[in-house]
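The values are calculated or read from the model by the stated rules, or taken from the named source; none is laboratory data. Everything numeric here is computed off the predicted structure, so don't read it as measured data. Quick reminder, even Gly has a Cβ in these numbers, built from the backbone with ideal geometry, and neighbours come from all protein chains shown. For accessibility, only protein heavy atoms count, side chains too; no ligands or nucleic acids. Shrake-Rupley method; radii C 1.70, N 1.55, O 1.52, S 1.80 Å.
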Amino acid sequence: MLKKTGFCGLMVSIVLGICLRWRLNNSGILPDMLSIAGFVFALMYIWDEMKKESRKALLWKGTGVIIGTALLAFVIIKGRESIISLPFFSGWETPAQAVYILSVLVLAAIIISYINEIFSKS
């Protein structure tokens, strides 16, 4: 029941957040509150798996999420600025940025999966 509620709540908060950001032109506190609610629903979704993990594994994974999020945001922002500044991508900035963001996120997902495998074994 908790898993189903978490999944449905996460999906609803994501859809509502996207619609409200689009409708309110990226302003207002309601989309930000929906983002926080989405995080809570995501925790509800993985609650059973989290209870099986040791405190050490949870601490390392939580630290990795915090550091990884900040690092990914920095890499994506600096990469987008570099793409805009290069004359090679003149007229093709949007597709180049999309491919860059996608490749950075896929690489991060591979690294996170590898780290998750390491800490799940211990």
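Restricting Phe41, Phe88 to those that are open to solvent by 100 Å² or more (accessible area, probe 1.4 Å), of a type outside the set (A, V, I, L, M) and part of a helix (DSSP H, G or I) reduces the list to Phe88.
Which one of Thr69, Thr5 is open to solvent by less than 60 Å² (accessible area, probe 1.4 Å), β-branched (Val, Ile, Thr) and without any contact (Cβ under 8 Å) to a residue 40 or more places away in the chain?
Details: Thr69 fails: open to solvent by less than 60 Å² (accessible area, probe 1.4 Å).
Unique residue meeting the criteria: Thr5.
When the residues of segment 106-122 are filtered to those that are surrounded by 12 or more Cβ atoms within 10 Å (Cβ to Cβ) and not β-branched (Val, Ile, Thr), the one that is nearest to Lys52 (Cα to Cα) is Ser120. In summary, Ala57 fulfils each of the numbered conditions (1) among the small types (Gly, Ala, Ser); (2) touching a residue at least 12 places away in the same chain (Cβ under 8 Å); (3) surrounded by fewer than 10 Cβ atoms within 10 Å (Cβ to Cβ) with the single exception of condition (3).
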